[in-house]
Each structure stands twice: as structure tokens, then as C-alpha cells.
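Visitor: Right, I'll just put the structure down here and ask away after.
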Amino acid sequence: MAFEIVYSPEAVDQLSTLAKTDQVLVVDEVDKQLSQYPMLPTRRRKLLRPNSIAPWELRIGDMRVFYEVQNEPLPQVSIKAIGKKVHNELWIGAERIEL
């Protein structure tokens with residue numbers, strides 16, 4: 001079953017702040033990693049503790065993609081936020097986030 005990938009307006013804005021090479025990397029990896037079995041935990045995908053952003057995280061180097069999955073009415077992965085890990089801090093846009 002293939003999942004449709006949908007970016008929220010906020011995620012599109014956050015993606016646009018990244019360097020072009022990082023943008024291409026994120027979009028390619030999201031398509032590769034999340035179009036099939038997005039709820040299967042791997043070394044790069046994990047289910048997070050309850051938080052206000054999203055239930056799942058995909059790691060791409062120092063970038064983090066936060067997403068949720070729904071199976072009804074159509075299988076879909078919603079990209080909620082894209083951030084960057086700087087040392088031990090997560091930054092989404094210009095905001096430091098506590099998970």
C-alpha cells in the first residue's frame with residue numbers, strides 16, 4: 001500500500017528556509033522512507049512520546065521530519081514540521097523546541 005505524502009503549509013515554509021541541497025535531500029528521503037510502511041520503526045524512524053508536534057519522527061542527518069499517519073479515508077502521511085538538530089537542541093524555523 002502506497003501512502004500519499006502531504007506537507008502542511010508550516011512544513012513547506014520550514015523546508016524553504018533550508019539550503020537547496022538539504023531541501024532536495026529531505027523531499028527525496030521523505031518519499032523513499034515514508035511512502036511505504038511509515039509506521040514501521042527503524043533506526044531513522046521512531047514513535048515519539050506524546051507531544052504537540054507529531055507522533056512520529058524521521059531523522060535525516062541533523063534534520064528532523066515530524067509526521068503523522070492516517071489510514072482512513074485514504075492512506076496518507078502528513079508532514080507537520082521540519083526542523084534541525086543543533087547539538088542537543090531542536091530548532092524548527094527560528095524557534096527552539098522542547099519535546
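Visitor: Whether any residue in region 34-48 is farther than 19 Å from L99 by Cα, out of contact with any helix residue (DSSP H, G or I) (no Cβ under 8 Å at 6 or more places or on another chain) and outside any loop (DSSP other than H, G, I, E, B) is what I want to check.
Guide: yes
Visitor: Can R96 be described as outside any loop (DSSP other than H, G, I, E, B) and exposed (fewer than 13 other Cβ atoms within 10 Å of the Cβ)?
Guide: Working: outside any loop (DSSP other than H, G, I, E, B): yes; exposed (fewer than 13 other Cβ atoms within 10 Å of the Cβ): yes.
Taking the combined requirement at face value, the residue satisfies it.
Visitor: Let me ask something else. Quick check on my filter: what residues within region 7-22 are charged (D, E, K, R) and either loosely packed, with under 11 Cβ neighbours inside 10 Å or touching an Asp or Glu at 6+ places or on another chain (Cβ under 6 Å) (or both)?
Guide: Initial filter on region 7-22 (charged (D, E, K, R)): 10, 13, 20, 22.
Of everything in region 7-22, just one residue is charged (D, E, K, R) and either loosely packed, with under 11 Cβ neighbours inside 10 Å or touching an Asp or Glu at 6+ places or on another chain (Cβ under 6 Å) (or both), namely K20.
Visitor: Please list, ordered by first then second residue, the pairs with beta carbon atoms under 6 Å, 6 or more apart or interchain, first in region 76-96 and free of Cβ contacts under 8 Å to residues at least 24 places away in the same chain, second crowded, with 20+ Cβ neighbours inside 10 Å and of a type in the set (G, A, S).
Guide: Matching pairs, first to second residue: W91/G83.
Visitor: Just to be sure I understand, how many residues within region 50-72 are under 11 Å from I82 (Cβ atoms), β-branched (V, I, T) and touching a strand residue (DSSP E or B) at 6+ places or on another chain (Cβ under 7 Å)?
Guide: Adding up the residues that qualify gives 2.
Visitor: Still on this structure, I have one more. Against the definition (surrounded by 15 or more Cβ atoms within 10 Å (Cβ to Cβ) and at pLDDT below 95), how does L25 come out, yes or no?
Guide: Working: surrounded by 15 or more Cβ atoms within 10 Å (Cβ to Cβ): yes; at pLDDT below 95: no.
Against the criterion (surrounded by 15 or more Cβ atoms within 10 Å (Cβ to Cβ) and at pLDDT below 95), L25 does not qualify.
Visitor: Would you mention how many residues in region 28-56 are touching a residue at least 40 places away in the same chain (Cβ under 8 Å) and either under 13 Å from I5 (Cβ atoms) or loosely packed, with under 15 Cβ neighbours inside 10 Å (or both)?
Guide: Narrowing region 28-56 to residues touching a residue at least 40 places away in the same chain (Cβ under 8 Å): 30, 34-35, 48-49, 51, 53.
Narrowing further to those that are either under 13 Å from I5 (Cβ atoms) or loosely packed, with under 15 Cβ neighbours inside 10 Å (or both): 30, 34-35, 48-49, 51.
The qualifying residues number 6.
Visitor: Select, from L25, L15, the only residue that is touching a helix residue (DSSP H, G or I) at 6+ places or on another chain (Cβ under 9 Å) and assigned to a helix (DSSP H, G or I). Step through it out loud before you land on a result.
Guide: On the way: L25 fails: touching a helix residue (DSSP H, G or I) at 6+ places or on another chain (Cβ under 9 Å).
Only one candidate qualifies: L15.
Visitor: Here is a check on your reading of the model: is V77 of a type in the set (V, I, T) and either loosely packed, with under 13 Cβ neighbours inside 10 Å or outside any strand (DSSP E or B) (or both)?
Guide: Numbers: of a type in the set (V, I, T): yes; either loosely packed, with under 13 Cβ neighbours inside 10 Å or outside any strand (DSSP E or B) (or both): no.
For V77, the condition - of a type in the set (V, I, T) and either loosely packed, with under 13 Cβ neighbours inside 10 Å or outside any strand (DSSP E or B) (or both) - is not met.
The values are calculated or read from the model by the stated rules, or taken from the named source; none is laboratory data. Just so you know, these numbers come straight off a predicted model, no measurement behind them. Here the Cβ is made from the backbone with ideal geometry for all residues, glycine too, and neighbour counts use every protein chain on show.
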